[in-house]
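Derivation of every value follows stated rules applied to the coordinates shown; laboratory data play no part. Everything numeric in this text was worked out from a predicted model, so none of it was measured. Glycine gets a Cβ as well: all are built from the backbone with ideal geometry, and neighbour counts include every protein chain shown.
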Amino acid sequence: MIKVAPSILSADYVNLQKDIELVEQGGAEYLHIDVMDGSFVPSISYGPGFVKAIRPISKMVLDVHLMVQNPEHIIPDFVEAGADIIGVQVEATQHIHRALQIIKNGGVKAEVVINPGTPVEMIKPVLHMVDQVLVMTVNPGFGGQKFLPETVAKIAELNALKQENGYNFDIEIDGGINNETVVPCYEAGATVAVAGSYVYGADDPVAKINAIKDATK
């Protein structure tokens, strides 16, 4: 069964604590926090103060995805804020190994992220050092996009490398995930599913979390 990571990008900002507590009580293991700088992606979202404010009110894994240029400059701030996992885009830095090293040195789990147009080959040199790989199943920067089925092959390729080399990283998926699109991803080797509008756009978010889990039993 896949773990579910609701994305607070789709939550109700005015009632954020309520929305966080709702998904935690509903069985979500992770809370996905998209950090966007208006440069690497067009949108702007949260800073480390946001993560620091959430940390005391939730026991969920705080899964922070940095969609920012040169993330190594701000990684220490998110470590200090209480992130459990910090993800960096391979496309956003010339020093992906160093960025991941900074995360690990901070005592936080390190994740490398690839966009739909980026081949798995780009991250092979750092797979031995990561705790999680995030395969973007839409182009990053906006919620509510349609799942790109061609990304499933990349999940399978990553899973094969994981098995061949004895790696133990999780494979996370993000973008257009629902109880139907999650199935081929899970079958290909995904272990964590980010879901934003599918969960928080529903009248009953907990039912949607359960639907994703039931689809991957």
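Structure notes:
- Residue order, fewest to most beta carbons within 10 Å, for Glu172, Glu24: Glu24, Glu172
- Taking amide hydrogens as placed 1.01 Å from N in the peptide plane, the amide H of Ile33 sits under 5 Å from those of Asp63, Val64, His65, each at least 5 positions away in sequence or on another chain.
- All lysines inside 25 Å of Lys213 as judged from Cα atoms, apart from same-chain residues fewer than 8 positions distant: Lys3, Lys18, Lys59, Lys109, Lys146, Lys154, Lys162
- Per-residue Karplus couplings for region 82-88, computed as 6.51 cos²θ - 1.76 cosθ + 1.60 with θ equal to phi - 60°, are listed in order as x, 4, 8, 10, 10, x, 10 Hz, Gly and Pro entered as x.
- Arranged from fewest to most other beta-carbon atoms within 10 Å of their beta carbon, Thr181, Thr216 become Thr216, Thr181.
- Taking a straight Cα-Cα cut-off under 18 Å and skipping sequence neighbours fewer than 8 places away in the same chain, the aspartates and glutamates within cross-link reach of Lys104 are Asp63, Glu72, Asp77, Glu80, Asp84, Asp131, Asp170.
- Averaging the Cα positions of each part gives two centres, and for region 120-146 and region 49-86 these lie 17 Å apart.
- For region 55-71, 3J(HN,Hα) computed residue by residue from phi via the Karplus equation (6.51, -1.76, 1.60; θ = phi - 60°) reads 3, x, 9, 8, 9, 5, 5, 8, 9, 9, 10, 8, 9, 9, 6, 6, x Hz, glycine and proline entered as x.
- Here the extension length gained between Asn139 and Ile74 equals 21.1 nm, from 0.36 nm per residue of separation less the Cα-Cα distance.
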